[in-house]
Structure formats: C-alpha cells, structure tokens
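First up is the structure itself, then whatever we jot down about it.
Every read-out reported here was derived from the displayed coordinates using simple, explicitly stated rules and does not represent laboratory data. Given the structure is predicted, the values throughout are model-derived calculations rather than measurements. Cβ atoms come from the backbone with ideal geometry, glycine included; neighbour counts cover every protein chain shown.
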Ligand code: HGY
Ligand code: MN
Ligand code: MN
C-alpha cells in the first residue's frame, strides 16, 4: 500500500507532496482508497461532504468503530502526515482478519477530505462540514489562489457540491473514532516509545493580515516618500516571534502574497497569514492581540492601512478521558506496555469530531519530529508497531 501511494502527487523538484483538495493528485489518492476498499470486499461510500468510507459490517448500523485519517497534504508535505493513518487502518483490518476475530460492531475506515486546507485556506473542511462547524454558506465562499471556489473545484472533480452540509445522522452512528497519526514532535523519540496516545490538541487558528500601501518605482521613489507595506509586514513577523517567545506559544507567518510582486516595484499590498497556537486559549489570545497591536502601530508609522481577519479557529480539544483510558488499558494489556499520553500543537479531524463523537488518537514515533516537510519520517518497525496497536484497539472496541 505504501509503495503504491508514494509516487502520487510527489514533486520531483522538492521530493515533497502536493496533494491538494479536489486536484488530480487528490483524485488519484481517492481512487487508491476506493480500490483498497473494494479489494477487501468492504462497502465503499462517498458521503455528502466528499469524505470516503470503507465499511466492514452494516454502514447503517449503530455504535460503529471508525478509524482513518486523511490523504491530502500541505505544499511539499511529507509522506506520513495523513497517509500513515489511512494505510495503517487498512493494515490493522487485515491483521484482525488474520487473527480471525469476530466483530460485534460495524467497523469503518475513513479518508477525510481537505484536512490540511492547503488549497482553500481552511483546515479540516470535510470533517468540519460533517460536524456542522462550517456552514454551507461559509464553504461556498472558500476560494483558492486562482479564484476557483470550493463548489467549483468539487464540480470539476466530478463531485456534486449541492449535497454538502451537516451530517448528524452519520456521526450519531459512530460509537468511537480513533485516528492514528505520525507524531509531529519528538516526545516519543525522547521517551523511547514507539506509540503514544493523544491527550489534547492546542487551540489554534489562522489570521490574515492585509497591509495596504502605495505601489511606486523602486528606483525613483525617495525613501521618505514611500508607503511600503513590506516594512510593516516585516516588523510584524518579528513581533509575532517576540510575542510567542514571551508567552511560551508558537506563531508563524508561513505564507505571503505580494502585489504587484515585481522586483522593481514597491508593493501596494502585502498579505501575510499568521498561524498561532498555544496550550490554552488565554495565552493564544494574548499572543494574537499582541501581534495585532504591534502590527497596527507599525502600519500607522508607515502610512499603511491594515485589515486583520480571523480565517479559522479551533478551540482546545481535550480528548475524552474514558476512551483514552480504554485505549491505555487495551494497549497495556495486549502489549504489556505503558503508553505515554501526549498533547500536540497540530490540528486533526479527530479534534473536529471530538465535540460530537467519542474520539481518540494514537501517535507513531517520528525520530526527528519534522513534519509538513519532505523530511518527515517514521521507521518501518515503528509503523508496524502502530498497526499492531491500532489492531489491538479496534479489536478491544469492536469485538467485545
Ligand atoms: O495544521 C495542522 O495542524 C494540521 O496538520 N492540519
Ligand atoms: Mn498536517
Ligand atoms: Mn494530519
């Protein structure tokens, strides 16, 4: 499975993945998922929001045990963030069939669409729509860098966008959702464990900062006459770093667009996106308020107009203790080990669903902690340990 997925959407220039929602690479990933489902004789479904499901047992049954993750990527992402969870889900199911277990509940594997939000700017679109955390109106306003809206992109990919919207009946049939994911930090590497259980996801969000000045000639405009938004933007980047350091949080400007984007032109517009995350909401509020205040002061000093728009926000997620303890108990008993419980600064579909469905996550060791980069890695024996842990968990939850 891993070998089949590896070339899909991989850039030969960077070695990273460009699997953006509703593009050709995404379609290839989706075709792979459907094929995996059908090869195993599972019931394949595409839900009203474009998420893919593979069912063992009755898709309409109650108290289903669901596992899975996503197959899309950030720009030049790694091979593991998302796909490791989907591949491990199919492998865990194969393992359980080889064990000859008897399932007492329906089991499903899911591929949530557009988890990274690389194309339309909002993460976890598939799960947010299903959970009613993104309205149809908001979804219709999502637009990519070329001006293509989400419904247009869905339509061009052969999917009917008229169906999108909340899917409460589907979510109500899920008794537990467990997402396996490569760790995006080094906690397991430092503790010497192959697999961990998630405790919480930090609150996080994305803010768009539009700095508007005046385009002019880079050679002939005196420095004192310029209204250069790049200066205020640059100062704001430094302010974000400072605020994050002071608060013990993280803040990143990782995406920028410039108009007119000419080497010899002073920009008229610099648009930068702030991603900020912290262990708790008051800390995150302090960081973002601090960055915005600094940005307004810098903008005013340079005669720049500034608009700040919050494009998305995900509150803190504390995974349900009962399910988390159940996972620890199953893994402790089956594998005779104590599994570390970790918090994370990364967002996941499991976090979105956690308000509606009992949800848990398993993390697999990442020796460098690097993620959202072609260098992201997990060793094969750790991935196999992840599959075994997921199989044990599914057996414990769906065969009792
Ligand atoms: O940005 C994130 O945390 C994620 O991986 N969607
Ligand atoms: Mn990611
Ligand atoms: Mn992910």
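Per q in 0.23 1/Å, what log10 I(q)/I(0) does a Debye calculation on the alpha-carbon atoms of the stretch 298-357 return? The Cα Debye sum returns log10 ratios of -1.01. Legend: ranking of residues 89, 373, 12, 312 from fewest to most surrounding C-beta atoms inside 10 Å; resulting order 12, 373, 312, 89. Across the chain the C-alpha pair distances fall into 20 Å bins from zero in the proportions 27, 55, 17, 2 percent. Considering only 385, 187, 322, the Gaussian network model of the chain with Cα springs below 10 Å gives its largest mean-square fluctuation to 322. Between 0 and 90 degrees, rounded to the nearest ten: what's the tilt of helix 321-335 against the longest Cα principal axis of the chain? Between the helix axis and the principal axis of the chain, the angle is about 60 degrees.
Between 0 and 90 degrees, the angle of helix 281-301 with respect to the longest Cα principal axis of the chain falls at about 20 degrees.
Sorting 177, 103, 90, 112 by the number of Cβ atoms found within 10 Å of their own Cβ, with the fewest placed first, yields 103, 90, 177, 112. Computed from Cα positions, the angle between helix 83-99 and the longest principal axis of the chain comes to roughly 0 degrees. Ranking of 44, 159, 17 by neighbouring Cβ atoms within 10 Å, starting from the fewest: 44, 159, 17.
For the chain, adding -39500 (n - 2.57) for each run of n ≥ 4 DSSP H residues and dividing by the number of residues yields -11000 deg cm²/dmol at 222 nm. The GNM of the chain, with springs linking C-alpha atoms under 10 angstrom apart, assigns the highest mean-square fluctuation among 354, 191, 73 to 191.
Taking 25 °C and 0.890 mPa s as conditions, the stretch 205-314 diffuses translationally at an estimated 173 µm²/s according to Stokes-Einstein applied to its Kirkwood radius (Cα pairs).
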